[in-house]
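Here is the structure we will look at.
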Amino acid sequence: MTKATERTPLVYIVAGEASGDVLAAGLMKSLKKMTGGRVRFAGVGGDRMTAEGLTSLFPMSEMAVMGVFEVLPHIPNLLRRIGQTVDNIVELQPDVLLTVDSKAFNLRVQKRLYARRAAGQIASFPLVHMVAPTVWAWRPGRAKTISKFLDELLVLFPFEPSYFQEHGLKTTFVGHPASEQPIGDDARLRARTRIPPKAPVLGVFPGSRRGEVRRLLPSFGETVRRLAPRYKDLRVLIPTVSGVADMIRDGVEDWPVQPVILEDADDKYDAFAAMNAALAASGTVTLELALAGVPTVVGYKVNPLSVPIGRMLVNMDAVVLANWILKRPVQPFFMQHNCTPDSLTVAVARMFDDTRARADCSRAADELRAVLGTGEIAPSDQAALAVAKAAKLELVD
């Protein structure tokens, strides 16, 4: 047997933020099962990918920046890390490259590798990206651009393939993993955190990036301050990620209700089940909350210098995913100057008090699961199958 046939296939994966870490970890777990463990991983990732066997090339947190002016101070380091990642991929010659979300970083990696491949400088291996650029929300021209240097795109929403297929890019709908998120245990979470069975619970999600937390936590905290006298024995839960947990702890020290901060990802769904309402930064978590039926108010702020550019380029109706998919305002959204404690307090109180709003959230959860699922095969398995096919991995029965 030759060394080539003895070689265990290598899947190189790059994820740059918490949601991508979760997606990639689920895919890694599925690939290990499908191949009987005959697969290796390299790349960049976070805690969840590390738990599945990845040793990250550098800390994933270095990539978690967004917004035009937020990115500017980090450009030298990001360019250095892009170069380092490309060089590492070239050195390892994987059977497939999979980049997950974090498009500002990952698509630059893909484009550089495509150029090297086109110039005959490296061997050919498939260039696959997971999580489509939101061309339906802003800059639709990106669909044509990325179709020039990717071999395949894995998308999470059923309405996305047509945007890219018209430009000749192989596009596979794999489903959104949140469509199969587990139902949490309210009683278990309350018992562990010593929250009384009937105490009202507000979930607070100030974001997974430090810039988001810095801009949103003060307004969210003032909202809690105003809600506390209205709801007797109000409790606050903040499920978060390790990269911003210490920052959140420092930021909530003067809150009138001391939150329970949950860093363990396994606690998240139990926390959802315990919540009467939630206040969240725009992002993947708002879709997860919608799927859990939690009445949610969404707020967001960016660097003020980014606002004029964002207003020109972004379809604001598409920022909150549940609202965009269902074409109705399931989750009230407050952006920038509208994201004030006054507005947030009124909206969150309605979520606590209005039974019709709560009933609509429950209906929306059922509708979203139907739209985002793929049937009997779990989204992580669908994505793993696509990657395995691209890499020509041998699957076990």
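Every read-out reported here was derived from the displayed coordinates using simple, explicitly stated rules and does not represent laboratory data. As the structure is a prediction and not an experimental result, all values here were calculated from the model. When we count neighbours, we look across all protein chains shown, and the Cβ atoms used for this are built from the backbone with ideal geometry, even at glycine.
Give the cross-link partners of residue 32 among the lysines, using a straight C-alpha distance below 19 Å as the criterion and excluding same-chain residues fewer than 8 apart.
Result set, ordered by chain and number: 389, 392.
Looking at the chain, do any whole DSSP H helices span at least 20 angstrom along their long axis by alpha carbon and average -0.5 or above on Kyte-Doolittle, and which? Provide the component values of the computation, followed by the final result.
Working: long enough: 18-34 (24 Å, 0.42); 75-92 (25 Å, 0.23); 103-118 (21 Å, -0.88); 210-227 (25 Å, -0.60); 355-372 (26 Å, -0.37).
Helices meeting the criterion: 18-34, 75-92, 355-372.
Provide, for the stretch 186-372, the number of lysine pairs with alpha carbons under 26 Å apart, each pair being eight or more places apart or on different chains.
Values: 198/232; 198/268; 232/268; 268/301; 301/327.
Summing the qualifying lysine pairs gives 5.
Below 17 Å, Cα to Cα, which lysines can residue 144 reach? Residues fewer than 8 away in the same chain don't count.
103, 111, 170
Report the extension gain between residue 191 and residue 114 in nm, rounded to one decimal, defined as 0.36 nm multiplied by the number of residues separating them, less their alpha carbon distance.
Working: separation 77, 0.36 × 77 = 27.72 nm, distance 5.28 nm.
Between residue 191 and residue 114, full extension yields an extra 22.4 nm.
Counting other Cβ atoms within 10 Å, keep those with at most 13, restrict to DSSP loop, and tell me which GluC sites (Glu not before Pro) in the stretch 199-263 are left. Numbers along the way, then the final one.
Values: sites: 212, 222, 253, 263; in loops: 253, 263.
Here the sparse-neighbourhood loop sites are 253.
If you stretched the chain out fully between residue 55 and residue 162, how much longer would it get, using 0.36 nm times the residue separation minus the C-alpha to C-alpha distance?
Working: separation 107, 0.36 × 107 = 38.52 nm, distance 3.58 nm.
Extra length available between residue 55 and residue 162 comes to 34.9 nm.
What's the extension gain from residue 40 to residue 327 if we count 0.36 nm per residue and subtract their Cα-Cα distance?
Values: separation 287, 0.36 × 287 = 103.32 nm, distance 4.18 nm.
Gain on stretching residue 40 to residue 327: 99.1 nm.
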